[in-house]
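Peer 1: Below you will find the structure I want to go over with you.
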Amino acid sequence: AETQFGVTVRASQLGYNLLTRTIDVRDLSIAANSAPDPFLAADRAVIVLGPGIFLGRLSIKHISLNQPRLTLVRYAAGPVNLPTSTSGTEQDAPLQLGILSATGLSARVDDRVAQRSLTVGPLDLSVDVGGPSSRPGVLGPGQFTTQVGGIQTSGTIVGRLAFDGRRLRIEELT
């Protein structure tokens, strides 16, 4: 992951089951090699692989995250805590993902240059990210808080969303 994707992956425990094609990771943390803060952390991640794995074809049927925390930080010097883009380089076909579900998801955007932040969650999320025909999944309901300067606003967010690998589609967002 460090050389191919520019990220450092850490976990306290890794387990797998060949019969169920399941990978179980505890205390997951993923950070860009160039940033001190992880952009994703989760108490637990369970990944279920498709049956093609036995023939050398990697596909993911389901990813389940427990208490995931997404964090986007723009540092005072300008860069963000995400890995640098590899666009323009030759890549294999994109990895096919199935259903992504998250329980207790929270997300935070911290813009240290503009002194603004946005926090959403915890909320539950389930979305089919399998391709162009992705069906919208459930987002929320969950709490959000935004702070701009000294002004803070909070509320509840709910809706449906789908991601096809290129575009995020949001429906019925309230």
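The values are calculated or read from the model by the stated rules, or taken from the named source; none is laboratory data. Treat the numbers as computed from the prediction; the structure is a model and nothing was measured. Don't worry about glycine lacking a Cβ; one is built from the backbone with ideal geometry, like all the others, and counts go over all protein chains shown. Ligands, DNA and RNA are stripped out before the accessible areas are found, and what is left, the full protein with its side chains, is counted by its heavy atoms. Shrake-Rupley method; radii C 1.70, N 1.55, O 1.52, S 1.80 Å.
Peer 1: Could we say that V148 is open to solvent by 50 Å² or more (accessible area, probe 1.4 Å) and either at pLDDT 75 or above or under 15 Å from the mean Cα position of the chain (by Cα) (or both) here?
Peer 2: So V148 does not fit the description; no.
Peer 1: Further question on the same structure: Can you pull out every residue in the stretch 1-13 that is modelled with pLDDT of 95 or more and in a strand (DSSP E or B)?
Peer 2: Q13
Peer 1: Residues of the stretch 19-69 being modelled with pLDDT under 90, open to solvent by 70 Å² or more (accessible area, probe 1.4 Å) and closer than 20 Å to V7 by Cβ, which ones?
Peer 2: Selection gives N33, S34, P36, L58.
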